[in-house]
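Asks: Let me begin by handing over the structure; questions about it come next.
The values are calculated or read from the model by the stated rules, or taken from the named source; none is laboratory data. Since the structure is predicted, the reported quantities are computational estimates derived from the model, not experimental observations. Quick reminder, even Gly has a Cβ in these numbers, built from the backbone with ideal geometry, and neighbours come from all protein chains shown. In case anyone asks, the SASA skips ligands and DNA or RNA and just uses the protein heavy atoms, side chains included. Shrake-Rupley method; radii C 1.70, N 1.55, O 1.52, S 1.80 Å.
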Amino acid sequence: MEIDAWLRDGGIVVTASERAARSLAAAFHRARRAEGLTAWPTPNIRDWHSFVRSVWDERAFDGRVVLSQLQEQSLWARIVAHAAPEAVQLAGAGDRLAALAMGAHLLLCDYAPQLLKDNARAGWDQDAGAFSGWLTAFNELCRDSKLLSAARLPVEFVSSLEADTVERPPLLLAGFDRILPTQHKLFAAWGVDGAVRQALLGATAEQVDFHLAADPASELAACALWSKARLAADPNARLLIITQDERKRRGEIERGFLRFLGENENSPGPASQIEFSLGVPLGKVTLARGAQLLLRWLGDAIAENELDWLLATDQIAASPDESRALTAFMRALRRRGLQRQRWTLAEFLRQRSHAELPAELVARLMQARQRLQEFARSPQTPLAWAEFSAQLLQIMGWPGARPLTSAEFQALRRWQQTVDECASLGFDGRRIAWSDFLAALDRAVDETLFAPESQDAPILIAGPAESAGLTADAVWFLGASEEAWPAAGTTHPLIPIAVQRDAGMPHASPKLDWDLANAMTRRVLASAPEIHFSYARQSEGVEARPSRIVVQVAGLAQSLPADLTAAAIPEPLTVACDDTTQLPYPLREVSGGATVLTTQSQCPFKAFATARLDAKEWDAAEAGLTAPERGLLLHEVLHSIWGGPPNGIRTYAELAALADLAAFVEGHVVRALQEKMPARAREQMPQRYLEIEGERLVVLITEWLRFEQSRLPFTVLETEKKTNASIAGLPLHLRLDRVDRLNDGSLLVIDYKTGDAKVKSWDLPRPDDVQLPLYAGFALENEEGEVGGLVFAKLRAGESCFEGRVRAAKQTLKAGLSGNSNLVRKPLTQQDMTAWRDEINTLAKAFLAGRADVNPREYPETCKNCGLQALCRIQEIQDGAGAGDDSDGEEAAGE
Ligand code: SF4
């Protein structure tokens, strides 16, 4: 009421923060609307920084240029690099030191301006001594170049006010938890006694509760449930949530509120009901990050995940067709195994995949690159780079053709302002390289906070300091534990501790922290009629105690009431229903071979999604060869070895006769690597890496062939045999690694494996893998002889062996097998073959009928490496239906 009356009378209110100024202005306008007014004078509310700046410009301006943050940091960086070249060798070290020095300078301006004079710091030594020297250099540079740090404005302003006897309007201060010494001097010099005073705190809250939660998640859930109930009872209520580490906890808080808040009849969705007082770094906002990446990509490589993100956010697509073409191009690159960890623009444009890049897009990107190459031949002023970077983005088509939302427009404006701020780095007439301009731009974008205009959401989330000056109908203060409140912090490393203590700088003594937290707590108590404090008993495995300051004002913490306790099992996000619709598969060829029926067995939806919708997991690029590429090379070498004359062999006898096995293998490895090594690996990896891959293959395959030398005689009939099979009418293309004829005339189906493969995966019902049973049952119909066995050939260093099922392993495979060997104990039988055939036929029929139920054969094992969770949403179904039911899990574990 006091502030409102003051403003109505035309008085000036100065707030501690911009957020408090906005909040007071919003409250003033709400009050006028509530009075039924349609027009009224703008209230005179200014935050501290804009107040000082405006008064300086009006009254004390003396021709000096007031530095922006960025300009001042660049001056400090220059001074630090000159004074301590060895300390700034590491990337980013110079900027970090400059930021520290700038912070120390600000502290001196706010708390001990007398120490800004060079001779007042005579006794400072070590790191503080170094900083003192930098500050002297900074003072000289500013004096010689007529520059002024914004942090010095209040200091300079005090002397100007003291010399000026003009009467000044009175000020009402709001939201100052603590008046800093320099502020104190300035307000004292502003006018005679009573010209400046603090707004009185409101009445202390009538209801003050202190809640104890089991852990931070329950604490957040309680706060969200309370907010929901509070807004349901009074849709016009304004709630303030105060939390420590607002920036760090933002995602967690958003998720918690979105989960529990639900719909409100006055609000379209939970997201629009909450608002954070702090913005996010501009570099995390889509448009700004996109612009950063595009500019970097013109002259340097960017990571593949950055490129994926950039293309997926439609920031260079001039039309929906271009957008689709870009996505298809990336998909085609992946499908052909052409992914790489980093992409330069030139490499990207050079790729030939099965999809085409739109010609206009290629022309735009090439033009931008060409323009940059020409312009970057000589250093330019930051102003020239800023203008040029805008042109480059325009040439590339940024920010894309789709219409921008209001928040995106605001982000675009903030990006342009930030680029303009970087242009002002040329205030000292320097010229810089493109890479230096980009580095400065990256820094500025990362340090700039962006928050879209307030939508006046009913729930505002703020840090303890940012909440100064804010009022609400009810407040919830999270994290009121002894460890977190008073908030702990560290002293500044560039100012002597004694100086910090004497000046009362933040965290210089526990008492200072206590006094500040105490003042803030009392201010919070006066900011709403209803206040809730809460803390979590356990946090990150550590037992927490209640904050003593809060206990003093709210009493001992009480367990959460039942209505603020979240259910242990969350409400399912998906509503499960029986889906009996089935879309039969039109009888045409399906790619994937036996994998189609393996996936049908593992989970019908997986087969439907991969074979019919062409859904695939997104494989990340790897630095060297990927596992499939390694497997391909190994298959190629074995195919070459067992391919028969002129270079290969076919029989056990030929294998046994080889005098130098390693040399024989090496010849095949060299040939395979020459012909089949992926071009990407050849381009990116050093020659030595490729040699090591070759040596590894020689060792592995030589060991394998030594193992095969211990077999009973055999002949290799086929390697990499391509064949077609029709299973219950489903046409499949198959490719068998190898088929041997054993000494009794029967056939042995072999599949090479370098990883773990288990015969258990063939167990019925619902086998985890049907590949070899399918080959044995359906792909050998044209071969003479019956199936004598199906085995994995396990090529693993030191563990080469066969694993599988063989009719008479000791007589046909290896005489030396022990009686305990699984190959001997569990021979292949006709019943096995029949049962597998029946199961595979059933799976094929289910696939053809369109069976696509989300039904993994063994949850969560089957889903672990599937990669389709985002599509099938199994997690949501399981969370809703099965959580807490241990019996299934135990059975599965005991199987
Ligand atoms: S993640 Fe599991 S449930 Fe989903 S498709 Fe894959 S196997 Fe089926």
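Asks: Which of the GluC sites (Glu not before Pro) found in segment 804-881 are in a DSSP loop and have at most 15 neighbouring Cβ atoms, other than their own, within 10 Å? Write out the running numbers ahead of the final one.
Replies: Working: sites: E839, E858, E861, E876; in loops: E858.
Of the GluC sites (Glu not before Pro), the ones in loops of segment 804-881 whose Cβ has at most 15 other Cβ atoms within 10 Å are E858.
Asks: Still on this structure: Which sequence of T327, T418 reflects their accessible areas, 1.4 Å probe, from the largest down?
Replies: In descending accessible area the options line up as T327, T418.
Asks: On to the next question. Taking Rh as the Kirkwood radius, which is the inverse of the mean 1/r over Cα pairs, what is the Rg/Rh value for segment 493-584? Kindly include the intermediate steps, with their values, before the conclusion.
Replies: Details: Rg = 23.9 Å, Rh = 18.5 Å.
So for segment 493-584, dividing Rg by the Kirkwood Rh gives 1.29.
Asks: How about segment 235-339: which GluC sites (Glu not before Pro) there lie in a loop by DSSP and see at most 12 other Cβ atoms within 10 Å? Show your work: numbers first, answer last.
Replies: Working: sites: E246, E252, E254, E263, E265, E275, E304, E306, E322; in loops: E263, E265.
Taking segment 235-339 and a limit of 12 other Cβ atoms within 10 Å, the loop GluC sites (Glu not before Pro) found are E263, E265.
Asks: Which order do you get for M396, M366, M1, M102 if you rank them by accessible area with a 1.4 Å probe, largest at the top? Write down the numbers at each step before the final one.
Replies: On the way: M396 0, M366 95, M1 190, M102 25 Å².
Solvent-accessible surface, decreasing: M1, M366, M102, M396.
Asks: Using 0.36 nm per residue, how much length does the chain from E784 to A653 gain when fully extended, once their Cα-Cα distance is taken away? Mind dumping the intermediate values first?
Replies: Working: separation 131, 0.36 × 131 = 47.16 nm, distance 2.16 nm.
Result: 45.0 nm gained on full extension.
Asks: Let me ask something else about it. How big is the accessible area of S160 in square angstrom, nearest 10, if you roll a 1.4 angstrom probe over the protein chains?
Replies: The accessible area comes out at roughly 40 Å².
Asks: Work through the residues other than G283 whose Cβ is under 13 Å from its Cβ and net out their charges, Lys, Arg +1 and Asp, Glu -1. Working shown, then result.
Replies: On the way: positive: K284, R289, R296, R414, R443; negative: E306, D442, D446, E447.
Spelling it out: positives minus negatives among the neighbours equals +1.
Asks: To the nearest 10 square angstrom, what accessible area does D420 show with a 1.4 Å probe?
Replies: 100
Asks: Hey, what do the phi angles of segment 650-656 turn into as Karplus ³J(HN,Hα) couplings, whole Hz, using 6.51/-1.76/1.60 and θ = phi - 60°, x for Gly and Pro?
Replies: Along segment 650-656, the couplings run 9, 10, 4, 4, 5, 5, 5 Hz.
Asks: Please compute the Kirkwood hydrodynamic radius of segment 620-746 from all pairs of different C-alpha atoms, in Å with one decimal. Display every interim value, and only then the final one.
Replies: Details: mean 1/r = 0.0617 Å⁻¹.
With all distinct Cα pairs of segment 620-746 included, I get 16.2 Å.
Asks: With label points built 7 Å along Cα→Cβ from the Cα atoms of E206 and R735, find their separation and express it in nm.
Replies: Once both label points are built, they end up 7.8 nm from each other.
Asks: Could I have the simple spin-label model distance between A488 and A457, label points 7 Å from Cα toward Cβ, reported in nm to one decimal?
Replies: For A488 paired with A457, the spin-label model returns 3.1 nm.
Asks: Across 10 Å bins from the origin, how do the percents of Cα pairs in segment 709-769 run, short distances first?
Replies: The calculated distribution, bin by bin, is 17, 35, 41, 7, 0.
Asks: Next up: For Y585, what residues show an amide H to amide H distance below 5 Å, using hydrogens built from the backbone and excluding near sequence neighbours?
Replies: Those lying under 5 Å, H to H, from Y585 are A849, G850.
Asks: Quick check: convex hull over the Cα atoms of segment 382-468, volume per residue in Å³, rounded to an integer? Provide the component values of the computation, followed by the final result.
Replies: Numbers: hull volume 10.9 nm³, N = 87.
It comes to 125 Å³ per residue, whole-number rounded.
Asks: How far is it, in nm, from the label point at R64 to the one at A728 when both lie 7 Å from their Cα along the line to the Cβ?
Replies: Here the answer is 8.6 nm between the modelled labels.
Asks: So between N236 and H82, what do we pick up on full extension, going 0.36 nm a residue minus the alpha carbon distance? The partial results should precede the final answer.
Replies: Values: separation 154, 0.36 × 154 = 55.44 nm, distance 5.80 nm.
Working it through step by step, the gained length comes to 49.6 nm.
Asks: I'd like the GluC sites (Glu not before Pro) in segment 90-199 restricted to DSSP loop residues with at most 13 other Cβ atoms within 10 Å, sorted by number. Display every interim value, and only then the final one.
Replies: Details: sites: E140, E156, E162, E167; in loops: E167.
Those satisfying the criteria are E167.
Asks: Under the rule of at least 5 residues apart or a separate chain, name every residue whose amide H is placed under 5 Å from the amide H of F210.
Replies: Long-range HN contacts for F210: F533, Q558.
Asks: Checking the a/c ratio against 1.5 first, then a/b against b/c, what shape does the Cα gyration tensor give for the chain? Can you show the working numbers first?
Replies: On the way: a/c = 2.57, a/b = 1.89, b/c = 1.36.
It comes out prolate by the Cα gyration axes.
Asks: If L843, L100 are ordered by their accessible area, calculated over protein heavy atoms with a 1.4 Å probe, which sequence runs from highest to lowest?
Replies: L100, L843
Asks: Using the alpha-carbon centroid of each, what span in Å lies between segment 683-757 and segment 116-153?
Replies: Cα centroid of segment 683-757 versus Cα centroid of segment 116-153: 74 Å apart.
Asks: Could you give the length gained on full extension between T565 and D473, defined as 0.36 nm per residue of separation minus the Cα-Cα distance, in nm?
Replies: Working: separation 92, 0.36 × 92 = 33.12 nm, distance 2.23 nm.
Stretched fully, the T565-D473 segment lengthens by 30.9 nm.
Asks: Right, another one. Which value, in Å², gives the accessible area per residue of the chain when a 1.4 Å probe is used on the protein heavy atoms? It would help to have the intermediate numbers written out before the result.
Replies: Details: 43640 Å² over 895 residues.
That works out to 49 Å² for each residue.
Asks: Taking a ≥ b ≥ c as the square roots of the eigenvalues of the Cα gyration tensor of segment 679-739, is the shape rounded (a/c under 1.5), prolate (a/b larger than b/c) or oblate? Mind showing how you got there, number by number?
Replies: Numbers: a/c = 4.67, a/b = 1.37, b/c = 3.41.
Judged from the Cα gyration tensor, segment 679-739 comes out oblate (a/c at least 1.5, b/c at or above a/b).
Asks: On the accessible surface of the chain, probed at 1.4 Å, how many percent belong to carbon and sulfur atoms?
Replies: For the chain, the apolar C and S fraction of the accessible surface comes to 52 percent.
Asks: Please report the orientation-averaged projected area of segment 22-121, defined via the convex hull of its C-alpha atoms, in nm². Kindly include the intermediate steps, with their values, before the conclusion.
Replies: Details: hull surface 41.9 nm².
Averaged projected hull area, Cα only: 10.5 nm².
Asks: Also: Determine Rg/Rh for segment 625-684; Rg is computed over alpha-carbon atoms and Rh is the Kirkwood hydrodynamic estimate from the same atoms.
Replies: Taking Rh as the inverse mean 1/r over Cα pairs, Rg/Rh reads 1.05.
Asks: Another question about this same structure. Go ahead and estimate [θ] at 222 nm for the chain from helices alone: -39,500 (n - 2.57) per DSSP H run with n ≥ 4, summed, over the residue count, rounded to 500. Could you put the intermediate results ahead of the total?
Replies: Working: 35 runs with 414 residues, N = 895.
Here the helix-only value at 222 nm equals -14500 deg cm²/dmol.
Asks: Through the Karplus equation 6.51 cos²θ - 1.76 cosθ + 1.60, θ set to phi - 60°, convert the phi angles of segment 493-506 into ³J(HN,Hα) values in whole Hz; use x for Gly and Pro.
Replies: Those phi angles translate into x, 9, 10, x, 4, 4, 5, 5, 5, 4, 8, x, 6, x Hz.
Asks: If you don't mind, another one. In segment 520-540, which residues have a backbone nitrogen under 18 Å from the label point lying 7 Å from M1's Cα in the Cα-to-Cβ direction?
Replies: In segment 520-540, the label zone of M1 (backbone N under 18 Å from the point 7 Å along Cα→Cβ) covers 526-530.
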